[in-house]
1. A:Val34: net charge of surrounding residues, Cβ under 11 Å, Lys/Arg +1, Asp/Glu -1, itself excluded?
2. Give me the percent of DSSP beta bridges within chain A that run antiparallel, rounded to the nearest 5.
3. Just how far, in whole angstrom, is segment B:289-330 from segment A:200-224 if you go by their alpha carbon centroids?
4. Residue farthest toward the positive end of the dipole of segment A:262-413, with Cβ of Lys/Arg at +1 and Asp/Glu at -1: which of A:Tyr374, A:Val308, A:Phe351?
5. Taking every DSSP beta bridge that has both residues in segment B:262-413, what percent is antiparallel when rounded to the nearest 5?
6. According to a simple spin-label model (label point 7 Å from Cα along Cα-to-Cβ), what is the distance in nm between A:Ser231 and B:Asp248?
7. Just the projected area, averaged over all directions, of the convex hull on the alpha carbon atoms of segment B:262-413: how many nm²?
8. Put a label point 7 Å from Cα along the Cβ direction on A:Glu11, then list its distances to the equivalent points in the other copies in nm, shortest first.
Number of protein chains: 2
Amino acid sequence: MNAEIIAIGSELLTPFRQDTNSLFLTAELNKLGVDVDYKTVVGDDRNRLTSIARIALDRADVVIFMGGLGPTEDDLTREAVAAALHLQLKRDPDIVASLYARFAARKIKMPDNNLKQADVIMGATALPNQKGSAPGQYLEGTIDGRERIVILLPGPPVELKPMFKDEVLPRLQRKLPPAFIATRELRVALMPESECDARVAPIYKEHKDVETTILAPVGEVQLHLKARGKSQEEAQEKVDALAEELEDELGENVFSSRGESLEQIVGYFLDMRGSTVAVAESCTGGLLGQRLSSVSGSSRYFLGGAIVYSNELKRSLADVPPLLLKEHGAVSREVAIALAEGIRKKCKSTFGVAVTGIAGPTGGTPEKPIGLVYHAIADGKKTEVVKRNFPSERDRVRWWASQQALDMIRRKLM
Amino acid sequence: MNAEIIAIGSELLTPFRQDTNSLFLTAELNKLGVDVDYKTVVGDDRNRLTSIARIALDRADVVIFMGGLGPTEDDLTREAVAAALHLQLKRDPDIVASLYARFAARKIKMPDNNLKQADVIMGATALPNQKGSAPGQYLEGTIDGRERIVILLPGPPVELKPMFKDEVLPRLQRKLPPAFIATRELRVALMPESECDARVAPIYKEHKDVETTILAPVGEVQLHLKARGKSQEEAQEKVDALAEELEDELGENVFSSRGESLEQIVGYFLDMRGSTVAVAESCTGGLLGQRLSSVSGSSRYFLGGAIVYSNELKRSLADVPPLLLKEHGAVSREVAIALAEGIRKKCKSTFGVAVTGIAGPTGGTPEKPIGLVYHAIADGKKTEVVKRNFPSERDRVRWWASQQALDMIRRKLM
């Protein structure tokens with residue numbers, strides 16, 4: 001069973017905007033055992049859209065159209081799909097009534113062009129839209145001798161997602177044979193993708209019944225596992241068996257075994273131990289605090305801290321001795337230690353975490369190049385420091401540095 | 001002149017990864033006067049890829065394939081495009097030699113499958129790859145009686161972008177008639193999209209020779225203007241004329257008239273005035289500092305500040321009187337003022353900026369609901385406060401709050 005997802009809208013063909021609904025729909029379809037084989041983006045042009053609909057109906061079992069269901073003259077999806085299917089549109093009196101009611105409730109006279117939103121392809125079911133005025137459509141049928149499912153959804157994610165969950169999903173579940181699919185996601189921080197792959201490839205290649213996808217956003221490697229089975233248990237066993245072997249190989253490098261983010265895991269550990277953390281950030285400028293506090297409920301363990309971008313604030317907010325700054329420079333092992341210990345004392349937290357480095361693009365020297373970052377964690381007994389030379393530019397250096405600092409908290413708590 | 005961009009790779013059909021190269025390519029093609037009419041994503045499947053190549057060659061003048069140029073058996077773009085064009089592949093001895101040299105330099109024996117990277121479609125020019133081993137390809141010719149340009153590029157953005165700029169762009173510039181296109185981007189903070197559109201639509205609809213696209217990421221509205229002319233000057237005059245009228249209508253709400261980000265503009269103003277800023281962040285947890293320090297060179301005006309997530313730190317790091325916290329609560333006009341004034345004094349900055357609010361999803365009360373945020377800016381004379389009730393969830397509330405705080409700095413400096 002395969003699918004094609006078609007995103008409609010001229011704005012999706014500009015340099016500024018991108019379809020993201022298809023990621024959501026792909027995840028949902030995959031859970032039903034349906035693979036997405038094609039994604040297409042086309043503008044608000046009737047002929048192009050009709051032609052693309054014909055091509056899709058020829059090569060995919062499930063064809064989902066997103067967008068172009070509004071009331072304006074640019075909204076052509078209904079007409080084009082009907083033309084591709086050689087079916088007529090029929091105005092649905094119930095939808096007409098509900099459109100009038102919708103406008104009446106807002107005390108606005110409905111413009112006549114809104115009536116086209118009540119046009120339904122012959123044989124299709126109109127899908128109610130809880131969040132907007134454009135109904136979706138769902139059609140099952142035989143086209144040129146092949147079973148096809150055709151789905152029309154509104155473009156705005158806030159309308160599309162609930163409509164898919166409430167209206168489309170139950171229909172697909174009834175129609176499609178049951179699929180038993182299990183997934184797992186392991187995450188590894190701060191390991192180069194090539195190194196990670198070299199270690200795990202020999203393992204996952206032995207598990208041919210599990211589909212393994214490796215992604216590598218900045219500072220992280222993600223291993224996505226997916227398996228099918230004759231039952232949900234069997235599918236789950238397959239992914240769990242591979243996940244266990246991968247965890248054995250990668251050991252403590254795996255920070256998350258079910259897809260949680262690094263800040264979530266760190267928060268979970270801190271919360272569990274009843275520990276608190278405070279930060280002193282130089283080159284990250286607030287990024288570490290922002291990530292720690294992005295987790296809901298983080299006020300239980302994140303106290304706050306200081307953004308010590310200037311040297312003066314390293315002294316006044318984190319009690320770094322001026323002599324230390326003068327002797328070793330702000331970007332040094334000694335200052336990182338003093339920052340972590342100073343902020344810990346000042347904030348009366350279990351842990352003090354500090355980051356000081358050179359994010360670039362300026363400020364590098366032969367001795368202290370761009371990308372050089374010191375990270376420290378103090379717990380009142382022993383202060384640990386990690387020195388790293390991160391490659392690449394400002395944003396990435398800062399992200400890597402926050403990743404390293406979070407991972408040091410995690411390892412401290414393990 | 002129209003184009004189709006085809007992204008190749010099974011990973012682009014998973015829920016995890018998305019083509020982003022096409023945004024870059026669209027911007028570049030638009031500058032040349034080429035519209036992108038279709039975008040397609042297909043997996044590493046030879047038949048599907050060949051069929052998609054045929055469809056694209058039929059409907060687009062310029063067809064760009066991205067990805068599938070590596071050495072593995074999944075890399076099928078060369079073969080599939082050659083098949084769609086009914087052309088043979090020919091192994092290029094120069095590329096073979098450079099592949100061997102590349103591996104020799106790294107003291108690795110080259111696996112034989114790498115040789116297929118030297119296969120060039122008959123009549124195409126191989127494009128050198130400065131950042132990887134896979135050469136691109138460029139082919140101009142007549143296909144079924146129509147002029148076509150076919151381009152093969154590697155998938156990794158770090159390889160694709162320089163190859164496009166260095167190798168493809170000059171060839172397209174020689175081949176295509178000169179296009180005179182000018183663009184402008186105005187940005188407005190904190191105005192609802194519907195309000196902004198209601199004000200500007202009557203204006204831009206009068207300028208039919210300028211294409212206007214409105215985007216609305218969280219907390220911001222962007223007006224993208226684009227015009228063609230018989231000369232560059234004429235195109236520029238068209239967008240500038242509309243931009244001027246839009247700026248007149250929106251006044252001080254326009255924070256950027258050439259696409260700069262809010263943090264860039266704030267940094268520019270601070271730098272120009274020789275002023276400095278320090279922050280005291282509660283609910284934003286470091287986000288405001290992170291945004292201020294994301295601009296290269298920000299150490300000239302951003303000193304740092306305090307992340308005062310806990311009430312205790314509001315006292316110890318920003319000198320908020322305990323009684324004030326007890327009487328009004330942490331989320332209050334009074335505490336926002338005390339934070340701004342306290343951090344200004346503590347950091348000896350020109351301005352002190354504070355944010356305190358309830359980001360959610362928990363912690364809201366009937367009197368102080370989720371989304372309630374106070375923002376304050378102190379300059380030693382008069383402290384201004386803005387109270388906002390932001391809609392929606394945690395991440396958005398935090399982003400809105402940082403946006404509001406940045407905009408208050410901007411207005412103070414105007």
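Laboratory data are not the source of any read-out in this text; all were calculated from the coordinates shown. All values reported here derive from a predicted model rather than from experimental measurement. When we count neighbours, we look across all protein chains shown, and the Cβ atoms used for this are built from the backbone with ideal geometry, even at glycine.
1. Details: positive: A:Lys31, A:Lys175; negative: A:Glu4, A:Glu28, A:Asp35, A:Asp37, A:Asp61.
Once positives and negatives cancel, what remains is -3.
2. Numbers: 43 of 70 bridges.
Beta bridges within chain A, antiparallel portion: roughly 60 percent.
3. If we compute the Cα centre of each part, the gap is 42 Å.
4. Looking along the dipole axis, the top candidate is A:Phe351.
5. Working: 13 of 23 bridges.
The answer is about 55 percent antiparallel.
6. 7.5
7. Details: hull surface 31.8 nm².
Its average projected convex-hull area is 7.9 nm².
8. 3.0
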